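Chemist: The structure is given below, and queries will be raised subsequently.
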Amino acid sequence: MKKLIVAVLVAVLVLVLLTPAALAKPDKDKPLQATGVELVKKVTTHGRPGGGGRGRPGKQAATGVLGEQLGTGANKYAILIGISNYPGTANDLQYCDDDAQDIYNALTTLYGYTSGNIHLLLNMSASYAAILGAVNDIKSKAGADDEVVFFFSGHGASGKADDGDKEKRDEAIVAHDESNLVYIWDGQLKSWFADFNTSRIIFIFDSCLAGGMTDLKADGRVINMACSENGVSYEDGSWQNGQFTYFFVERGMSGGQADIYDHDEDTILPEATDVVVEEAFDYAKANCRMQKPTISDSFSDDLLL
């Protein structure tokens, strides 16, 4: 009799575990449940500038060889997010919105991006829903031969999220719903970009724990991360930017300081710049202090935006 009761209980348990609710996967278009969440705030310093020379890191990302260029008629799209003003005041930063604005300026003035193809999401406009909407909008438009840039400057976070990967600890970028902080986890971002038609995607993360965003790695992608997986990122009034964005975008791209190789022989963009993504990263890595930028480069040779 005891064996029969045990068998019945086991059968009932199996049926419960196999119900649709139990088998259902989390909807990655919605904020995910997570445990042990820790907000890791970007640090605002005062009067602590980094380097400023033309030094190179010991191991360069740039090869000096120009990779495949965009074909005639290809489109360029971007999602640029900068959050300095979070709900309330306790988590506010100063220069993340400047970071996003500066890369917007670089893309539109130097690299041929048009404002109509860019989602510029700043502060309260950079809600979780707005970011997801921008990703879905670009996903619906970007063809196989097009290019996409995704930039984020703001806070990072860690925790254990049900985001589909097997990491013991997940990383997130921090958005909001206009009232509370909302976390977008690395595995969640991976799912958002998994079915993009194009394999030419550039990610740039200026946030703490940015090095954990290597989940997004795929052929044709370059992931530029402001610090290590466990690291902190900095911003300062002397830069008027996050440190990584200052050297990657403001000095490296817009200022032309990262230009080591003549990739285009002055023919592709004669009135602009031929600073490639990898050169900008190398310049930022060589000049950043107190944080260690990292890159995941799955694009063949060097990528000119």
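All of the numbers you see were taken from the coordinates with simple rules; none came from a lab. Just so you know, these numbers come straight off a predicted model, no measurement behind them. No Cβ is skipped: glycine too gets one built from the backbone with ideal geometry, and neighbour counts run over all protein chains shown.
Chemist: Which FRET efficiency value, to the nearest 0.05, do you get for residue 27 and residue 65 by plugging their Cβ-Cβ distance into 1/(1 + (r/R0)^6) with R0 = 45 Å?
Modeler: 0.60
Chemist: Same structure, new question: Under a cut-off of 19 Å between alpha-carbon atoms, report the lysines in cross-link reach of residue 141, not counting same-chain residues fewer than 8 places apart.
Modeler: Straight-distance partners of residue 141: 76, 190.
Chemist: Classify the range 184-256 from the C-alpha gyration tensor, please: rounded if a/c falls under 1.5, else prolate or oblate depending on whether a/b exceeds b/c.
Modeler: oblate
Chemist: Report the gain in length on full extension from residue 180 to residue 46: 0.36 nm times residue separation, minus Cα-Cα distance, nm rounded to one decimal.
Modeler: 45.5 nm
Chemist: Please report how far the C-alpha centroid of the range 288-305 lies from that of the range 109-188, rounded to the nearest whole angstrom.
Modeler: For the range 288-305 versus the range 109-188, the Cα centre distance is 19 Å.
Chemist: What are the aspartates and glutamates whose alpha-carbon lies under 12 Å from the alpha-carbon of residue 42, with same-chain residues fewer than 8 places away excluded?
Modeler: 92, 206, 235, 236
Chemist: Rg to Rh ratio, the range 146-305, alpha-carbon atoms and Kirkwood radius?
Modeler: Values: Rg = 16.0 Å, Rh = 16.3 Å.
Here the Rg-to-Rh quotient is 0.98.
Chemist: Among the trypsin sites (Lys or Arg not before Pro) within the range 108-201, which fall in a DSSP loop and have no more than 15 other Cβ atoms within 10 Å of their own Cβ?
Modeler: 166, 168, 169
Chemist: Putting +1 on Lys and Arg Cβ atoms and -1 on Asp and Glu Cβ atoms, find which of 181, 294, 284 reaches farthest to the positive end of the dipole of the chain.
Modeler: Ranked along the dipole, the leading option is 181.
Chemist: Where a ≥ b ≥ c are the square roots of the eigenvalues of the C-alpha gyration tensor, would you call the range 57-125 rounded, which needs a/c under 1.5, or, failing that, prolate if a/b is larger than b/c, or oblate?
Modeler: Note, shape of the range 57-125 comes out oblate.
Chemist: Taking only DSSP H segments of four or more residues, each worth -39500 (n - 2.57), what value at 222 nm results for the chain once the sum is divided by all its residues, to the nearest 500 deg cm²/dmol?
Modeler: -7000 deg cm²/dmol
Chemist: Indicate the gyration tensor shape class of the chain (rounded, prolate or oblate), computed on the Cα atoms with a ≥ b ≥ c the square roots of the eigenvalues: a/c under 1.5 is rounded; otherwise a/b larger than b/c is prolate and the rest oblate.
Modeler: Because a/c hits 1.5 or more and a/b exceeds b/c, the chain counts as prolate.
Chemist: Also, I was wondering about something else. How much length is gained if the chain between residue 169 and residue 109 is pulled fully straight, taking 0.36 nm per residue apart and subtracting their Cα-Cα distance, in nm to one decimal?
Modeler: Values: separation 60, 0.36 × 60 = 21.60 nm, distance 3.93 nm.
Answer, rounded to one decimal: 17.7 nm.
Chemist: Sort 46, 119 so the one with the fewest other Cβ atoms within 10 Å of its own Cβ comes first.
Modeler: 46, 119
Chemist: To the nearest 20 debye, what charge dipole does the chain have about its Cα centre, counting +1 at the Cβ of each Lys and Arg and -1 at the Cβ of each Asp and Glu?
Modeler: For this selection, approximately 1600 debye.
Chemist: Just name one of 103, 213, 127: the one whose Cα is farthest towards the positive end of the charge dipole of the range 39-297 (beta-carbon charges, Lys/Arg +1, Asp/Glu -1).
Modeler: So the residue we want is 213.
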